[in-house]
Amino acid sequence: MSEELDGKEMYLKRHERGAERLVAVCDCEILGKRFAEGQLRIEVSPDFFGGEAASCAEVEKALASATMANFVGSKAVLHAISLGYVEKDNVLSIDGILYAQMVRM
């Protein structure tokens with residue numbers, strides 16, 4: 001991991017449209033990669049996920065005001081579970097990569 005990512009294990013990007021605030025979080029090492037398994041496919045696009053390198057605390061702060069969130073990778077998904085945003089039973093695995101979504105209503 002490069003020095004600029006020191007202590008920052010995930011990428012975080014905020015997307016806002018009207019009252020909706022979507023937060024996209026992925027593990028640093030999978031940004032830009034594609035995964036497929038059966039009919040399931042995911043592209044961890046830098047345009048969607050690659051905002052800024054973020055620590056667990058920065059991700060937690062961003063999620064506090066999010067109405068929706070996407071999590072890709074074990075660090076991102078397990079952090080979301082630990083914060084109570086995702087239930088373990090609702091996590092998908094696509095080619096061994098964890099994926100989950102959160103919607104706050």
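For the chain, what does the helix formula give at 222 nm: sum of -39500 (n - 2.57) over DSSP H segments with n ≥ 4, over the residue count, nearest 500 deg cm²/dmol? Don't skip to the end; give the middle numbers.
Values: 3 runs with 22 residues, N = 105.
Helix contribution divided over all residues of the chain: -5500 deg cm²/dmol.
In a simple Cβ point-charge model (Lys, Arg +1; Asp, Glu -1; nothing else charged), the chain has a dipole of about 360 debye relative to its Cα centre.
With protein chains left intact and a 1.4 Å probe, residues in the range 6-62 average 62 Å² of accessible area per residue. The string of couplings for the range 82-97 from the Karplus curve (6.51, -1.76, 1.60, θ = phi - 60°) is 4, 8, x, 8, 9, 8, 3, 5, 9, 8, 9, 10, 10, 6, x, 9 Hz, one whole number per residue in order, with x for Gly and Pro. Evaluated on the chain, the Kirkwood hydrodynamic radius is 13.7 Å, with distances taken between all distinct Cα atoms. Remark: relative contact order (the range 1-65) = 38 percent; criterion is Cα-Cα distance under 8 angstrom and separation of 6 or more residues. Electrostatic tally near Glu43: other residues with Cβ closer than 9 Å to its Cβ, Lys and Arg +1, Asp and Glu -1, net +3. Taking 0.36 nm per residue of separation and subtracting the current Cα-Cα distance, fully stretching the chain between Met68 and Glu37 would add 8.7 nm.
Please compute the net charge surrounding Arg21, taking Lys and Arg as +1 and Asp and Glu as -1 over other residues with Cβ under 11 Å from its Cβ. Write out the running numbers ahead of the final one.
On the way: positive: Arg14, Arg17, Arg104; negative: Glu16, Glu20.
Overall, the nearby charge balance is +1.
Summing +1 for each Lys or Arg and -1 for each Asp or Glu among the other residues whose beta-carbon sits under 10 angstrom from that of Lys75 gives -3.
In whole percent, and with a 1.4 Å probe on the protein chains, what portion of the accessible area of the chain is carbon and sulfur? With neighbouring chains kept in place, the figure for the chain is 47 percent.
The values are calculated or read from the model by the stated rules, or taken from the named source; none is laboratory data. This is a predicted model, so every value here is computed, not measured. Neighbour counts run over all protein chains shown; Cβ positions are idealised from the backbone, glycine included. Ligands, DNA and RNA are excluded from the accessible area calculation, which covers all protein heavy atoms including side chains. Shrake-Rupley method; radii C 1.70, N 1.55, O 1.52, S 1.80 Å.
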